[in-house]
Amino acid sequence: MTDLDERIVRTLRDRAEGAVDPARLLQASRARGRRRQLRRRVAAGTALSLIGALGVVGVTGTGLDGLTGRLPWTATTSTGATPVPPRVDGVPGAAADPALVGSDPNVLHFGLDPTRARYLGWEVIRGRTESVRLSVRDDQPVHVEVSSTPELSISVSFGGVEVEAAAPGPQTFDGTIHPASGGVKAMVKLWHPAPGLYARAVILRGDRAGLEQAVKALRWNEAHSCAVPLRLDALPEGAPITACSVEVGSYPRLVSSEFTLGRAATQVMFVKYRYASGALTQTAGNRTVAGRPAYLSPDGTTLDLLGIPKTVVSANFGWQWEDGRSVGVEPGATSGFTEADATTVLAGARVVEDPTLPESWE
């Protein structure tokens, strides 16, 4: 997924009642946000959630998703054919109308040829960008981000490995390939797939040929649903979905997705879905939501919906924007969203019975 601070900037831009200066916010938050995202959101948020909430077994010598020796955010090898987001009929692709990019958090306005590359994930951020993560030869991961403006994210996260996505010098969308900035081995290409459409592809640990192969697999005249194995039938008042993302790099052993809800200029809630085939079904909670056990974290910022086989759905409402950076809310404070809001969301959450059957995703 994209950097947490970058994601919140985008959400705030869309939901702000007044002007939001993303350049100033990013400059203040860039260093803090990257360290905080790597420490908290990846290490604690994913690992501890899977260990504690899912009750994963066989951790010693085995990744949390059941892949030997690897953690789920670094696994890129699927044990089966990965899901493909379903086509949406009657909706133009990005090449036909670049203004549609980011217009609907439930629709991706480009795709890829699944016979030439494999989906690792996809994401839509309303009012901003759409992206896919794919794998080409030798499982080289590639991140493609598309926008109707040249304002793309500063960095790209390959499952915890941060890549400075900007090529050296001025950012020109001329189709040339450059080494990425920073110390991570990666290649970057910026180009115009169609007039008024801006795209960037980043390949991690790959070469020019692999990057060009990924670009050739992209399809610009089709639209797809941001299909996920979770549906939210109830949202807090004034808090629509502003972003949708899916990770299927280790499918079918691990499936994860996330919705972002935005309200006012500083309020953000993340609703996360995690399925792990090697997990136990956790039922020991301290709350009840819609007849299911639930668990409120000790700091009162995350509510987990339990009792779902091998799955946990979490509503994290403990983030707010302060002094140009995203911060965790101190115990007893409020981010604007409350436990009652989280309960509303989880009570209306519908989880597919078998996430390894992507045709059942919505």
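The values are calculated or read from the model by the stated rules, or taken from the named source; none is laboratory data. All of these numbers come straight from a predicted model, not from anything done at the bench. All Cβ positions, even for glycine, are placed from backbone atoms using ideal geometry, and neighbour counts span all protein chains on display. Quick note on the areas: whole protein, heavy atoms, side chains included, nothing else; ligands and nucleic acids left out. Shrake-Rupley method; radii C 1.70, N 1.55, O 1.52, S 1.80 Å.
Looking at region 212-315, the GluC sites (Glu not before Pro) that sit in a DSSP loop and have at most 14 other Cβ atoms within 10 Å of their own Cβ are 237. Let me check I've understood the local charge: for residue 117, count other residues with C-beta under 14 angstrom from its C-beta, Lys and Arg +1, Asp and Glu -1. What total comes out? Result for the neighbourhood of residue 117: +2.
When the square roots of the Cα gyration tensor eigenvalues are ordered a ≥ b ≥ c, the ratio a/c for region 97-170 is 1.5 or more and a/b does not exceed b/c, which makes its shape oblate.
Each label was represented as a point 7 Å from its Cα along the Cα-to-Cβ direction; for residue 185 and residue 264 these points are 4.9 nm apart. Distances between placed amide hydrogens fall under 5 Å for residue 158 paired with 163, all partners being 5 or more residues away or on another chain. Annotation: amide H of residue 253 within the under-5 Å range of 79, sequence separation 5 or more or interchain, hydrogens built in the peptide plane. Using a probe radius of 1.4 angstrom, the carbon and sulfur fraction of the accessible surface of region 151-230 is 56%. Residue ranking by accessible heavy-atom surface, 1.4 Å probe, largest first, among 269, 187 comes out as 187, 269. Across the protein chains, with a 1.4 Å probe defining accessible surface, the residues 181, 256 rank 181, 256 from largest area downward. Given the C-alpha atoms of region 231-281, compute the convex hull and give its volume per residue in Å³. Hull volume normalised by residue count: 95 Å³.
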